[in-house]
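Heads up, the thing below is written out as structure tokens.
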Amino acid sequence: MTELLALTPDELLTTTRAVRKRLDLERDVPLEVIHEALEIAVQAPSGSNRQGWQWIVVTDPDIKQQIAAYYRRSWEAYSGVAADAPAEPAVGGEPASVGERIRDSSSYLARVMGDVPVLVIGAITVDEGGELPASNQAGLWGSLLPAAWNFALALRARGLGTTWTTLHLKYEKEVAQILGLPANVRQGVLLPVAYTIGTDFKPGPRADFDAIVHINHW
Ligand SMILES: Cc1cc2nc3c(=O)[nH]c(=O)nc-3n(C[C@H](O)[C@H](O)[C@H](O)COP(=O)(O)O)c2cc1C
């Protein structure tokens, strides 16, 4: 088994960040590490224990670049700027705001997505025609996303990192075609996986706790 970082459970849960600029694009990721993390991931719950998840692990440079091109196109439409546009200079030497930092690091990821050592797509099987259910979609996605997050946690425990991404889903059909996915396999998340540059991560900024927790009534 791969050596684990010395993190308490709470440290693991609070320091598994969206890693973009600190993905090490130069260091190879052995497939055994991905397998190990996926085996841990699928200990997650799923509705009726159906375990309908599917994991597409992409290491082929050409296929990664094809997926990355769709990701980048969607990112540019979403952000309204070209991924390689220079970052706006900070106003009056002010430190960049959280929003600015996310934009800057997400534009970086949009540029390098195809160079990240491994892309992992988490998907789930649905009915034959491939339609998503008309109601209770939480039941469907709730049977994939906890496992995908467990995968991110298992990666972090091993010194790797990722960012949860969904922007490629604007081109879900095109990416499904690249990967040869059957029509009834629907994608939920694209995780670019690499070793992290350094392993020291801190808890992230979060909204005021009292504004989101409701005891007994709203
Ligand atoms: C449903 C969902 C979709 C996301 N999509 C993207 C994405 O397409 N690209 C990206 O760079 N980050 C994406 N993110 C990452 C968020 O920006 C990140 O989780 C958030 O900024 C918190 O980061 P932190 O945990 O490091 O504080 C997504 C996160 C979630 C939960």
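The values are calculated or read from the model by the stated rules, or taken from the named source; none is laboratory data. All values reported here derive from a predicted model rather than from experimental measurement. Virtual Cβ from ideal backbone geometry, glycine too; neighbours counted across all protein chains shown. Areas reflect the complete protein model, heavy atoms only, side chains present, ligands, DNA and RNA absent. Shrake-Rupley method; radii C 1.70, N 1.55, O 1.52, S 1.80 Å.
A few remarks follow.
- Checked against (1) open to solvent by 50 Å² or more (accessible area, probe 1.4 Å); (2) more than 14 Å from the ligand (Cβ to nearest atom); (3) closer than 30 Å to PRO133 by Cβ, LYS170 passes all but condition (2).
- Test: residue in region 34-43 that is within 16 Å of the ligand (Cβ to nearest atom), of a type outside the set (A, V, I, L, M) and not in a loop (DSSP other than H, G, I, E, B): no
- Counted residues, region 1-11 - those being touching a helix residue (DSSP H, G or I) at 6+ places or on another chain (Cβ under 6 Å) and within 16 Å of the ligand (Cβ to nearest atom): 0
- Filtering region 26-70 to residues that are among the small types (Gly, Ala, Ser) and under 17 Å from the mean Cα position of the chain (by Cα) leaves ALA37, ALA41, ALA44, ALA68, ALA69.
- Residues satisfying the stated conditions in region 192-210, i.e. near the ligand (Cβ under 10 Å from one of its atoms) and within 14 Å of the chain's Cα centre (by Cα): PRO192
- Within region 29-50, considering residues that are in contact (Cβ under 8 Å) with a residue 60 or more places away in the chain and farther than 14 Å from ARG158 by Cα, the one most open to solvent (accessible area, probe 1.4 Å): GLN43
- Scope region 14-33; condition of a type in the set (A, V, I, L, M, F, W, C) and away from the ligand (no atom under 16 Å from the Cβ); matching residues: VAL29, LEU31, VAL33
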